[in-house]
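Asker: Shown below is the structure under consideration.
The values are calculated or read from the model by the stated rules, or taken from the named source; none is laboratory data. This is a predicted model, so every value here is computed, not measured. Reconstructed Cβ throughout: ideal geometry from the backbone, glycine too, with neighbour counts over all protein chains shown. Keep in mind that these areas ignore ligands, DNA and RNA; they rest on the heavy atoms of the full protein, side chains included. Shrake-Rupley method; radii C 1.70, N 1.55, O 1.52, S 1.80 Å.
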Amino acid sequence: MSIITGADPARPDLLAVLEDRGHRVTTPRRAVIDLLDSKHDGFSAEGIRSELPGVGRATVYRTIKLLVEVGVLCKLTLPDGATRYTLARFEHHHHALCVKCGTVSEFRDATIERLMRTMGQEISGEIVGHRMEFYVVCRQCHDQPAD
């Protein structure tokens, strides 16, 4: 299993992805994309909005929605219902989400993929996709002393 956190692997060119799909890249949308490009961990739409006070809430949310729809952002839901987003660093991957700080890490695992192929033989119908999310207490939160 390979886990990626804090690394800067090859990332999609968010502006090019939107332009290639016929979406206009306005100055406010560019500001959102520039900020998202700087993110290495999970983030919330409201967090992005608060970091860009000059950009309207609707623009932030619409831009994030577009990026999720085209597959370059992943939308994740924590057990408490909070939504986090992360840039998709791998074409196919799974997530581990810290339930304390909201950090998101991505991983790929050949064993999981083999299991999915085996399950596909047992399921009536064709598996067209799957998601796997582990809810964890990350190492940093685990190592913090209790209050």
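Asker: Which numbered condition in (1) within 20 Å of residue 21 (Cα to Cα); (2) touching a strand residue (DSSP E or B) at 6+ places or on another chain (Cβ under 6 Å) is the only one that residue 79 fails?
Answerer: Against the list (1) within 20 Å of residue 21 (Cα to Cα); (2) touching a strand residue (DSSP E or B) at 6+ places or on another chain (Cβ under 6 Å), residue 79 comes up short only on (1).
Asker: Would you tally the residues in the stretch 59-90 being open to solvent by less than 10 Å² (accessible area, probe 1.4 Å) and within 14 Å of residue 46 (Cβ to Cβ)?
Answerer: 3
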